[in-house]
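Accompanying notes for the structure given below.
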Amino acid sequence: MRPRTAVVALGAAAAVAIGALRLPADALPPAADDPWARLPAILARIRPPAIPARDFPLADFGGRAGGGHDNSGAFRAAIEACHRAGGGRVVVPAGDFLTGPIHLKSRVALHVSKDATIRFVTEPARYLPAVLTRWEGVELMNYSPLVYAYDAEDVAITGEGTLDGQADETHWWPWKKTTGPESQKPARDRLFRMAEDGVPVAERVFGEGDFLRPSFVEPYRSRNVLIEGVTIRNAPMWVVHPVLSQNVIVRNVTIVSHGPNNDGCNPESSSDVLIEGALFDTGDDCIALKSGRNADGRRLATPVERVVVRNCRMKAGHGGVTIGSEISGGARDVYAEHCVMSSPDLDRGLRIKTNAVRGGVIENVFVRDVEIGQVGSAIDIDMFYEEGATGAFPPVVRNVRVERMTVAKAAYALFLRAIPQSSIDGLTVRDSAFRGLAQGNRLEGEVRLSLDRVRFEPAAAR
């Protein structure tokens, strides 16, 4: 089928424009089965970690509140003692506690009590020696994340307190620059070349002078992870970043971090993930599902799958629920329901971003009962992200269903762009209303779209 482009701008008299969006003529009919019937089985796979009911107060290991006292040694000692004893909680009491990186071990929970704040030092050298991590979808040895767990089982961060990375316009965030003496660009380019050339991960060593910012909370190749209740602020880069991990719960957290690339939660090549009851107010995507970048993502070939997002609130961000752009390993079986999104600084609601360099198969994405107040585009599927059609790995996007989405104000209801060598193959929107549309809908390329009881209303003329 020859690709085509449609731009549907709703005029003041065109309150409903469904027929104009049936593109192409052989659009896929609604599937007979109910994908939501599979959700209980997915949720049954996700369970909290098994951590003994045993407390290790930080004060017993030399922990002391106060801005000038470094508690790095106290955290290490408490975590080690807890781990050796068979597990339990390292309890941080009320007060301010300064520290370097915290490395969790199996069966250890970091419990941040109400009115407690853990503040992380901003001297990059404190986050060395380098550890195995993933940076924009590529494995390497780099600065330690602020809270890190490697090959751990049954780990948690709980409580009503705060973790503050203390990143700002002076610390960490300036490394995003593309020019100047502290720019990440030379090292970023070098890392991506290494991955394309197949350089072994152990030889991809970065750190001082390379300006590749660490993630904030990163369980790496870990199992049975819980992050619950805490507030996380001012991250160097991605905030909650589970990588190659299984059985992950992110529950009732508050994430406020407005720096560059400050995505709220990035499950990457992880499975059986539940994100619920969370508030996201971020400088990038609120939630972004990922699975590796280009050759490195294809090398590991591990999709992000069986992810459930529910009862979350999204404020500022580039996207509310996003898949991509580092998605070369694919994404499948994603469920999002009962979420509320709104902000003049929220660019997109449901967002899928990929291109012919990233590739990957994105399939079985199901969204229902999402209320959007103000947004740039409500449903945004874009295969022209960054490199666009220039590449040897055309992406696949198929079987995306949206039900009962309501939008009060948006530039676009549907913003859909397929590259010439691929298609958006099966987007179904049902029982939804998109109001206050400034520009209507934009469709480019081959888009197989089915609409059922969908209403589009333009913004009121002034």
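Overview of results
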quantity	calculated
1 or more residues more than 19 Å from Tyr127 (Cα to Cα) and touching a Leu at 6+ places or on another chain (Cβ under 8 Å): qualifying strands (runs of 3 or more DSSP E) within segment 143-221	153-159
Only one of Val307, Val239, Val321, Val243 that is within 12 Å of the chain's Cα centre (by Cα), surrounded by 24 or more Cβ atoms within 10 Å (Cβ to Cβ) and touching a residue at least 60 places away in the same chain (Cβ under 8 Å)	Val243
Members of segment 293-304 found to be crowded, with 20+ Cβ neighbours inside 10 Å and at positive phi, listed by number	Asn294
Wholly enclosed strands (runs of 3 or more DSSP E) of segment 1-73 bearing at least 1 residues surrounded by 11 or more Cβ atoms within 10 Å (Cβ to Cβ) and at pLDDT 95 or above	55-57, 66-70
Selection count, segment 262-285, where residues are on the phi > 0 side of the Ramachandran plot and either buried (at least 24 other Cβ atoms within 10 Å of the Cβ) or without any contact (Cβ under 8 Å) to a residue 60 or more places away in the chain (or both)	2
Residues located in segment 400-431, provided they are among the small types (Gly, Ala, Ser), over 23 Å from the mean Cα position of the chain (by Cα) and within 17 Å of Ile352 (Cβ to Cβ)	Ser422, Ser423, Gly426
Residues being in a loop (DSSP other than H, G, I, E, B) and buried (at least 24 other Cβ atoms within 10 Å of the Cβ) - total across segment 247-260	1
Yes/no for Ser270 being within 30 Å of Ile42 (Cα to Cα) and over 12 Å from the mean Cα position of the chain (by Cα)	no
In segment 96-115, the residues that are buried (at least 18 other Cβ atoms within 10 Å of the Cβ) and out of contact with any helix residue (DSSP H, G or I) (no Cβ under 9 Å at 6 or more places or on another chain)	His111, Val112
All positions within segment 96-130 that are part of a strand (DSSP E or B) and touching a residue at least 60 places away in the same chain (Cβ under 8 Å)	Ala109, Val112
Selection status of Asn247, touching a helix residue (DSSP H, G or I) at 6+ places or on another chain (Cβ under 9 Å) and at positive phi	yes
Given (1) surrounded by fewer than 24 Cβ atoms within 10 Å (Cβ to Cβ); (2) more than 15 Å from Val131 (Cβ to Cβ), index of the condition Ala202 fails	(2)
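The values are calculated or read from the model by the stated rules, or taken from the named source; none is laboratory data. In this text the structure is predicted, and so the values were computed from the model without any measurement. Cβ coordinates were reconstructed from backbone atoms using ideal geometry, including for glycine residues, and neighbour counts include every protein chain displayed.
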